[in-house]
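Take a look at the structure set out below.
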Amino acid sequence: MSGIGVKVGISLSITFLPALWYAVTARDDNEACENYGQEFEVNPCYSNGGKVIVDCGLCGKPMTLVTATLLAPQPEMS
């Protein structure tokens, strides 16, 4: 799938459209976690109500979204 990429810096935020699928990169910024500083790809990732939250699988804390790419075409779900 191809998409439209949005690269963000530390001071920018990502605006998600509701009910769409994205490929996102999330970074763990929790210094107490073994995953600290690592980036993870989440594809596909659903923007439920225009909100995307990715939690670390080890510590359970929310991760920082680094990039987001709107998937085009959107995955078909049945």
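The values are calculated or read from the model by the stated rules, or taken from the named source; none is laboratory data. All figures in this text were calculated on a predicted structure; none of them were measured in a lab. Glycine gets a Cβ as well: all are built from the backbone with ideal geometry, and neighbour counts include every protein chain shown.
Odds and ends about this structure:
- Of the residues making up segment 12-57, those that are among the aliphatic types (A, V, I, L, M) and surrounded by 14 or more Cβ atoms within 10 Å (Cβ to Cβ) are Ile14, Leu20, Ala23, Val24, Ala26, Val42, Val52, Val54.
- A single member of Val8, Val66, Val54 is among the β-branched types (Val, Ile, Thr) and modelled with pLDDT of 95 or more, and it is Val54.
- Residue match in segment 60-71 (condition: without any contact (Cβ under 8 Å) to a residue 12 or more places away in the chain, surrounded by fewer than 16 Cβ atoms within 10 Å (Cβ to Cβ) and in contact with a Lys or Arg (Cβ under 9 Å, 6 or more places away or on another chain)): no
- Within segment 17-56, the set of residues being part of a loop (DSSP other than H, G, I, E, B), touching a residue at least 40 places away in the same chain (Cβ under 8 Å) and touching a strand residue (DSSP E or B) at 6+ places or on another chain (Cβ under 7 Å) comprises just one member, Leu20.
- Screening Pro75 on (1) on the phi > 0 side of the Ramachandran plot; (2) modelled with pLDDT under 95; (3) of a type outside the set (S, T, N, Q) shows it passes everything except condition (1).
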